[in-house]
Structure formats: structure tokens, C-alpha cells
Amino acid sequence: MAGSVVDGLLAGVAGATTGVNKGTPKRGGVLTVGLISDVPNYHIFNGAQGKWDASAFCVGNALYDPLWTTSANGKTWLPMLAISATPNATYTAWTVKLRQGIKFTNGEAFNAAVVVANWSYANADPTVGLAIKPIIASCVAVDTYTVTYNMVSPFTTFPLFMAEGQIGRMCHPSSMVAGYTGNPIGTGPFQVRQWQVGVESQLWGNPNYWRKDAAGRKLPYLGGINFKTIPDNPTRNSALQSGGVDMILQQDGASVAALKKMSGIKYRTDISDPRDPSVNCLIMNTTATLNQYFLWAGEFASSIGIPGAATYILNGQAPPAAVQMADFEGTLGAVDPSTLSWNTKLKPVVNDVSIRQACAMAINRQTYWKVIDGGLGAVADGIFRHDSPNYKNPGYPMYNPSKATALVNAYKAANNVSSVSFVIDLVAGSSSATKQFAFIQQQLSAVGITVTPRPLVQSTLINNVIYGTYDCATWNQFGGVDPSSNYVWFNSQPATTSPAAGGLGMAALPAGTFIAGAVNFAHLGDPVVESSMLSALASPPGSAAQTKAWQAVNAQFAKDIPYLFLDTTVTAFAVRNNVQNWAVSTAADGKTPTLTFDGGSTRWDQIWKS
């Protein structure tokens with residue numbers, strides 16, 4: 001397959017000379033890279049465990065190899081640790097042939113048992129498992145170098161989903177066991193030398209790395225990489241300019257724009273790359289409850305005393321109606337602006353769609369894009385950029401402060417309240433996040449909505465969103481070369497249907513009730529969104545049916561407002577002049593171009609320093 005598409009892939013990167021050096025690489029040297037965030041613990045940092053953001057993908061790609069990688073034009077998958085993927089007639093099972101002769105940095109072989117173990121640990125992980133259970137039912141070994149992934153429902157682009165996601169990166173099973181205290185073990189071009197979480201991670205080249213470049217030279221070229229954690233965006237720019245680092249990742253619009261004025265620096269953005277960019281938005285807790293799926297599953301039983309309907313269902317009993325209602329209502333509440341803690345006695349407001357609509361109308365996205373993000377990328381009105389084949393005007397609310405004010409006043413009258421307020425979570429220590437909040441605060445105040453900031457370290461902000469103990473949070477997600485990879489973030493299930501039929505078995509609730517999936521963090525349970533996505537997953541890639549289905553999803557978001565869309569996220573990598581070939585990545589053969597950069601994710605094996 002790789003050989004048949006090389007010409008087309010090369011055509012997709014024609015003219016992309018920034019960051020490309022076809023000269024003879026110089027071996028050795030250490031590259032110092034400034035990243036936005038850090039992983040919380042390297043002992044459990046692998047594709048099957050932990051929460052990967054753009055910075056984590058950068059580190060992960062240095063340590064691990066994926067089963068597949070994404071082609072430069074973003075339309076297909078290319079071989080890496082896997083050499084082929086064959087679906088059954090209904091796309092409910094994919095049989096995967098694995099590359100032989102690959103070894104981990106501990107000297108042990110990569111094989112089918114490893115792939116099954118990676119899926120098993122991912123499936124059991126309390127966070128990652130929730131993101132793959134709606135997609136992958138099982139992974140079984142066929143022989144020593146063949147596995148079959150069985151799908152929950154038809155999935156026509158499954159290998160591309162794996163190429164883009166963290167669970168496609170393979171690690172050694174011994175490094176995933178509970179209590180493991182060693183360094184990560186992968187097959188990748190680098191391995192961990194030492195690390196200090198939140199400060200710096202030092203990696204050195206894997207001397208036995210299996211890949212070579214197009215000229216037959218062993219990879220990687222570099223002797224090592226040091227990843228420095230620099231959460232403040234302007235500070236990261238300054239570190240590059242001063243020579244404190246050789247290369248940085250940047251996803252803040254104003255800071256990317258500032259790169260133009262820096263001497264001795266080269267940079268490249270992903271604005272024209274063949275993928276929908278991530279979306280900069282505010283995520284809303286549309287139910288104003290804890291995670292309802294967690295409640296149904298009984299995960300809050302010990303902390304708040306709600307046993308969960310699943311506890312009864314698994315024992316063959318009908319859940320009491322009171323338990324079902326408690327799971328559905330899910331400790332309705334809000335974040336207390338005085339204590340900044342979740343308070344079940346407070347009356348929430350963000351669960352009212354009219355307030356979410358008012359927020360959308362109150363924010364001048366055009367001004368935000370220009371003033372806060374430097375006019376880079378584009379104003380967003382959904383999950384697709386406007387030149388995406390999946391884009392059709394979704395009808396997202398236009399800027400209209402007068403109508404927003406009327407909606408707020410109508411809410412006050414209907415609910416007999418004198419004020420409307422909620423709390424917005426933002427990343428602590430980021431001057432860009434503070435500036436973003438100040439803009440949103442002013443815009444909402446103008447229509448009668450008061451918002452209070454809750455600065456949090458990024459891992460705490462994410463955990464609060466996962467568990468549902470938030471009103472609203474600054475957020476950056478979605479995008480990708482294939483929208484199907486976003487299915488789990490929007491998934492919901494019928495609450496009243498029996499579990500055997502794919503529902504939750506809560507028959508006491510009103511018919512037609514949908515409950516958001518475990519990692520649908522906006523808690524939007526919408527049957528239109530769910531049915532449209534299932535249709536898209538089962539449709540041939542690029543087909544009219546697939547496009548129509550994703551357009552329906554985008555249009556429904558414009559009605560439900562689970563996200564306050566702002567603008568597209570522009571990702572940039574910037575380097576000092578001595579860093580060479582930093583915008584190049586290839587498939588297993590060392591010559592077929594792959595997508596670089598992929599939403600902040602890049603590979604490091606063909607970079608060198610002059």
C-alpha cells in the first residue's frame with residue numbers, strides 16, 4: 001500500500017521547504033525543546049495509561065512507535081509497527097499483521113501478545129478505558145504476529161483512529177503493571193535517561209532503533225533530547241530567543257504571531273495542513289451535574305452514597321426508581337464563586353440552553369480572534385474549519401448582545417432570580433489564559449452575566465471536567481484528519497433501553513432520555529448527535545453519507561451549545577537556525593512522508609543540529 005501512494009503523498013508536501021534539509025545529517029548533539037506541559041508521572045506514561053495532550057504526544061513519539069502513522073495528505077494510514085489492516089465485510093473487525101524482528105529497549109520482542117496487552121491495560125485504565133470502550137470490544141491474538149480488533153459498531157477508518165490516538169503507541173507490558181517504578185519501555189528512537197516532573201526530562205538515543213532513513217542510515221540522528229516544561233507562552237518564546245532552548249511548541253495565537261518578529265528563528269504553523277485543527281472553546285457542563293455515566297456505574301457510591309443503577313443491573317435486579325433518578329439528577333449543583341468548590345445546594349444556570357445561547361451571542365468571536373489570538377487561524381463556529389469537506393454553515397449563534405441580554409432577562413424573570421453567574425476554570429500560571437478570561441468576563445458582563453475565575457493547574461482542571469465538578473472551563477480539543485476520532489467525546493447512550501441493546505437499563509426515567517458517555521465531558525445526551533455519528537462511522541471514508549452525517553452533528557451543536565466556540569487553534573513549532581530537518585517525518589520505510597505536524601504531535605528521529 002505504501003508504495004502505491006508515494007507519488008500522491010509527495011505531491012501533498014510540495015513546496016514545504018521550511019524545516020526541511022536534504023543535506024547529509026550531522027550525528028550527535030542534544031536538542032532542547034520547550035513544551036507547554038508535562039506528564040504527571042513517567043512510571044505510568046504510555047499509550048495505555050495517562051492523559052496525552054500535544055506536549056505528551058511529543059514525548060510519547062520519542063519513546064514509542066505507533067502501529068500506523070498518518071499519510072502526509074491526511075487521507076490514509078501508513079505502516080509502522082503494523083504492516084497491514086484488513087476489515088471484515090461489515091467493518092466490525094480488523095485483522096492486523098505485525099512487523100517482525102522489532103525489539104523494545106529492554107531487548108524483548110514486539111509481537112501479538114504485546115498488542116493484546118496494550119489493549120487490555122488501556123481497556124482497564126480508569127481514564128483511557130472510558131475513551132475506547134465505546135469503540136473497541138476486544139483485541140485477540142490470531143498467531144504470533146497477527147491480531148484482530150473487534151469493534152463495538154462498524155468503523156470504516158479504525159486504523160486511522162489508531163494512528164492518531166495515544167493507544168496506537170505500543171509499550172512493553174512490564175511497564176504497565178501496577179506499582180511499576182521504572183522508566184518507560186518502548187521501541188521508539190529515544191529512551192529516558194532521567195527526569196524531574198514539571199521541570200525537565202532527559203532522553204538519549206536508542207542505539208538499537210530498528211528504523212533507517214531513505215539512504216540506509218540508522219536513526220535517530222540526535223544523541224539526545226531534553227524536554228523542558230515552560231507553561232507560560234511568552235516565557236517559552238523568550239527561552240527560544242535567548243538560546244535557553246533550541247525548539248518550542250506553541251499553541252497560543254498571540255505568541256505564534258510574535259514569532260514573526262524574532263530574529264534568528266524559523267517557524268512553521270499547521271494552518272494549511274490537511275487536518276481540521278483543534279478548536280479553542282469554552283466547554284459547558286450542560287447538565288450541571290457530576291458525570292452522570294459515572295453515577296450510573298456506581299463510581300461515586302463511596303463518596304456521595306449513590307450506589308448506581310448498574311450495581312443492581314449486574315446482579316439481575318431492577319434498580320429502584322429513586323436510584324435511577326439520583327443517577328440522572330447527579331447531585332445537581334454549581335461551583336460556589338466564594339469557595340470555588342462544588343456545591344449541590346446552589347442553583348445552576350449553565351444547564352439552561354437559553355443561558356448557553358446568551359453566552360454564545362455575547363462573545364464577539366471576530367474581536368476575540370483578532371485581539372486575543374493575533375488574527376491567526378480563523379473564527380470557529382463548530383468543530384470543522386470552513387474549508388473542510390465536512391463543513392456546512394451550522395447556524396451557530398451570531399454576535400448579538402441585545403438578544404443575549406433579552407435571553408438573560410427572560411431567564412431571570414422565569415426563575416425569579418436577580419442575577420446570573422457561574423465560574424470559569426482556567427489554567428493557572430498562564431498569562432494568555434488570564435488575558436482570555438478577562439475578555440470573556442467583559443463580554444458576558446455586558447449582557448448581565450457575572451463570571452468568576454478559578455485558576456487551576458492543568459491536571460486539576462482536566463480532572464474537574466472529567467468528574468463534572470465544574471460549570472465552564474477553557475478548553476482546546478477535537479480536530480484531526482478524521483472526525484470519527486472524536487466519536488467518544490460526543491457519545492451518549494439511551495438511558496431507558498436495556499443494557500443488552502446498548503442502553504443503560506434505567507427504565508424509570510422518561511422515555512427517550514440519553515445520558516452522555518463517560519468522556520463526553522459537556523454531558524450532552526443528544527440522540528440526533530449519537531445517531532448521526534454512528535452513521536458516519538459506518539459510511540465509506542469521504543462518502544456523501546459520511547459528510548452529511550458529520551454536518552448534522554455540527555448543526556446540532558449550534559442548537560445545544562455544549563461548547564462556546566471561539567477560534568481554531570494554530571499550532572507552531574519554532575527553532576533556532578542550527579536545528580535542521582525538523583519538519584520531516586516518514587513511515588516505516590524512512591522515505592514515505594507522513595503528516596507533520598499533526599496537531600502539535602511530531603516525531604524526532606530525523607532532526608539534526610548543524
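The values are calculated or read from the model by the stated rules, or taken from the named source; none is laboratory data. The shown structure was predicted, so the numbers you read here are calculated from the model rather than taken from an experiment. So basically every Cβ, Gly included, is an ideal-geometry build from the backbone, and we count neighbours across all protein chains shown.
Looking only at region 490-509, how many residues end up being touching a residue at least 12 places away in the same chain (Cβ under 8 Å) and either part of a loop (DSSP other than H, G, I, E, B) or crowded, with 19+ Cβ neighbours inside 10 Å (or both)?
So the answer is 13.
Which of the residues spanning region 356-405 are more than 27 Å from residue 533 (Cα to Cα), within 23 Å of the chain's Cα centre (by Cα) and part of a loop (DSSP other than H, G, I, E, B)?
372, 373, 376
Conditions tested, residue by residue: (1) at pLDDT below 95; (2) farther than 20 Å from residue 150 by Cα; (3) not charged (D, E, K, R); (4) not in a strand (DSSP E or B).
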position	(1), (2), (3), (4)
52	yes, yes, yes, yes
61	no, yes, yes, yes
69	no, yes, yes, no
74	yes, yes, yes, yes
84	no, no, yes, no
95	no, no, yes, no
105	no, yes, yes, yes
114	no, no, yes, yes
117	no, no, yes, yes
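Going by the conditions given, is residue 248 of a type in the set (A, V, I, L, M), within 30 Å of residue 485 (Cα to Cα) and in contact with a His (Cβ under 9 Å, 6 or more places away or on another chain)?
Answer is no for this residue.
Restricting region 442-484 to residues that are in a loop (DSSP other than H, G, I, E, B) and modelled with pLDDT under 95, which is surrounded by the fewest Cβ atoms within 10 Å (Cβ to Cβ)?
457
Condition first: of a type outside the set (Gly, Ala, Ser) and in contact with a Gly (Cβ under 8 Å, 6 or more places away or on another chain). Now tell me which residues in region 60-79 satisfy that.
61, 63, 64, 65, 66, 67, 68, 73, 75
In this structure, is residue 223 over 24 Å from residue 131 (Cα atoms), small (Gly, Ala, Ser) and in the same structural domain as residue 104 (by TED's automatic domain parsing)?
So residue 223 passes the test.
Quick check on residue 57: is it among the aromatic types (Phe, Trp, Tyr), within 25 Å of residue 599 (Cβ to Cβ), crowded, with 19+ Cβ neighbours inside 10 Å and in contact with a Gly (Cβ under 9 Å, 6 or more places away or on another chain)?
When the stated conditions are applied, residue 57 passes them.
Kindly state which strands (runs of 3 or more DSSP E) lie completely within region 152-266 and contain at least 3 residues that are among the basic types (Lys, Arg) and more than 22 Å from residue 63 (Cβ to Cβ).
Here the list is empty.
Every residue in region 290-309 that is in a helix (DSSP H, G or I) and within 28 Å of the chain's Cα centre (by Cα), please.
Hits for region 290-309 are 292, 293, 294, 295, 296, 297.
Give region 510-542 a look and list any residue that's part of a loop (DSSP other than H, G, I, E, B) and either modelled with pLDDT of 95 or more or crowded, with 19+ Cβ neighbours inside 10 Å (or both), or say none.
Within region 510-542, 513, 517, 518, 519, 520, 521, 522, 523, 524, 525, 526, 539 meet the criteria.
Check off (1) exposed (fewer than 14 other Cβ atoms within 10 Å of the Cβ); (2) in contact with a Cys (Cβ under 6 Å, 6 or more places away or on another chain) for residue 424 and give me the number that stays unchecked.
(1)
Could you say which residue among 93, 89, 82, 109 is out of contact with any Gly (no Cβ under 6 Å at 6 or more places or on another chain), within 27 Å of residue 53 (Cβ to Cβ) and of a type in the set (Gly, Ala, Ser)?
That would be 82, the only listed residue that is out of contact with any Gly (no Cβ under 6 Å at 6 or more places or on another chain), within 27 Å of residue 53 (Cβ to Cβ) and of a type in the set (Gly, Ala, Ser).
If we scan region 551-572, do we find a residue that is at pLDDT 95 or above, touching a strand residue (DSSP E or B) at 6+ places or on another chain (Cβ under 8 Å), surrounded by fewer than 24 Cβ atoms within 10 Å (Cβ to Cβ) and closer than 30 Å to residue 23 by Cα?
yes
Out of region 284-299, which residues are among the hydrophobic types (A, V, I, L, M, F, W, C) and in contact with a Ser or Thr (Cβ under 8 Å, 6 or more places away or on another chain)?
If the condition is that a residue be among the hydrophobic types (A, V, I, L, M, F, W, C) and in contact with a Ser or Thr (Cβ under 8 Å, 6 or more places away or on another chain), then 290, 295 are the ones that fit.
Residue-by-condition table, conditions (1) surrounded by 22 or more Cβ atoms within 10 Å (Cβ to Cβ); (2) among the aromatic types (Phe, Trp, Tyr); (3) within 16 Å of residue 470 (Cα to Cα); (4) assigned by TED's automatic domain parsing to the domain that holds residue 420:
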position: 288; (1), (2), (3), (4): yes, no, yes, yes
position: 312; (1), (2), (3), (4): no, yes, no, yes
position: 318; (1), (2), (3), (4): no, no, no, yes
position: 329; (1), (2), (3), (4): no, no, yes, yes
position: 332; (1), (2), (3), (4): no, no, yes, yes
position: 347; (1), (2), (3), (4): no, no, yes, yes
position: 351; (1), (2), (3), (4): no, no, yes, yes
